[in-house]
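Q: Dropping the structure in here first, questions after.
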């Protein structure tokens, strides 16, 4: 049984579909506190365009998406970051459980 029900899929028992969700933490360097460069903003924009829900943070960002979309999001972030001057991209992906969503 997958680990999470996406909010958009909570429409009642008949229409309910379970979808596994993953969370990505990523950091794009070079890092300049308070002034994210185009390499950072392009990566965040690419994650959103690929279907991720992004929380932009001061030292890194978090992105949640269904497991089917996550590979495309990872690729989009990498392409956008390096195309816009990144020197390093760190990523960490975890599979979320229902408890993580409570």
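The values are calculated or read from the model by the stated rules, or taken from the named source; none is laboratory data. Source: prediction; values computed, not measured. Here Cβ is always computed from backbone atoms with ideal geometry, including for glycine, and neighbour counts include all displayed protein chains.
Yes/no matrix, rows are residues, columns are (1) out of contact with any helix residue (DSSP H, G or I) (no Cβ under 7 Å at 6 or more places or on another chain); (2) part of a loop (DSSP other than H, G, I, E, B); (3) at pLDDT 95 or above; (4) closer than 23 Å to residue 21 by Cα:
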site	(1), (2), (3), (4)
58	yes, yes, no, no
75	yes, no, yes, yes
82	yes, no, yes, no
91	no, no, yes, yes
94	yes, no, yes, yes
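Q: Mind listing just one residue for me: the one in segment 4-54 that is over 13 Å from the mean Cα position of the chain (by Cα) and on the phi > 0 side of the Ramachandran plot and, of those, modelled with the highest pLDDT?
A: Once the filter is applied, the top-ranked residue is 34.
Q: While we're on this one: When the residues of segment 44-56 are narrowed to those that are touching a helix residue (DSSP H, G or I) at 6+ places or on another chain (Cβ under 6 Å) and outside any loop (DSSP other than H, G, I, E, B), which ends up nearest to residue 23 (Cα to Cα)?
A: Residue satisfying both the conditions and the ranking: 54.
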